[in-house]
């Protein structure tokens, strides 16, 4: 998950750079078309038969949720700073816990609910309703977290049914037609000088998707998602170096509370798991 966090940080930084020339619709489309291309050699080696699955409805649901979440996340960083967008998306575990409990039947221990409540307080410190203007970018970032929570729950379910590469491939190939129509309507033809940046973006994005899918295949969704909180220091550094953006004090305070609640919850889970294994 640490590798996924770093990859996601680089991905979102590349999105901010590319958004100066291309629309969010087109950037999402780049990710899908190149993602499918990168996965094709694996499919050729493995054979088309490996894609056989009895979970196509879940894959379709995940594709729609992921596309909408990705668009919201990418679009939000064109309206607010990268660090603020990522910090608000730290609410993702809240939604993942709810979905994992309601849909997957995962047992959510009391300490995770406490951590979720503390995390919500951290998110409110970042937004500061009543003390600072809540703009569209903040609301879009929050909606991205909710949508990713649903998509992550689907990923957790599917990773227990199919191989990791199958889950990743279906994600790209099913989102491709969804992304194609709006991208065609807002198309800006990339120049040769743009291709290096686009390729870097999609390669890192594919790597991030693979890492998070692998993580969900080995642990509960409500435990894995919080580890992605370590994205904030990475995006803060990249945002400053690349765009001169500095997160505000309240962003760091809220994010620190979010991180502390997650760290405590994760350590608590580790102790419980160790005790259960010993009994």
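No lab work stands behind these numbers, since they all come straight from the coordinates. Everything numeric here is computed off the predicted structure, so don't read it as measured data. Neighbour counts are summed over all protein chains in view; Cβ atoms, including those assigned to glycine, are modelled from backbone coordinates with ideal geometry.
The table below lists the values:
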item	result
Net lengthening on full extension, residue 20/residue 161 (0.36 nm per residue, minus Cα-Cα)	46.8 nm
Shape call, segment 25-149: gyration tensor on alpha carbons, a/c limit 1.5	oblate
Fewest-first ranking of 8, 120, using other Cβ atoms within 10 Å as the exposure measure	120, 8
Fraction of alpha-carbon pairs over 20 Å apart in segment 1-98 - percent	51 percent
Cα pair distances exceeding 26 angstrom across the chain, given as percent	41 percent
Inter-label distance for residue 189 and residue 3, nm, one decimal - labels placed 7 Å from Cα along Cα-to-Cβ	3.9 nm
Förster-model FRET efficiency, 45 Å R0, residue 56 and residue 271, C-beta, rounded to 0.05	0.70
Gain upon complete extension [residue 243, residue 124; 0.36 nm per residue less C-alpha separation]	40.3 nm
Semi-axes of the equivalent ellipsoid for segment 1-50, Cα gyration tensor, largest first, Å	26, 16, 7
Largest-first ellipsoid semi-axes for segment 79-191, taking √(5λ) over the Cα gyration tensor eigenvalues, angstrom	28, 25, 9
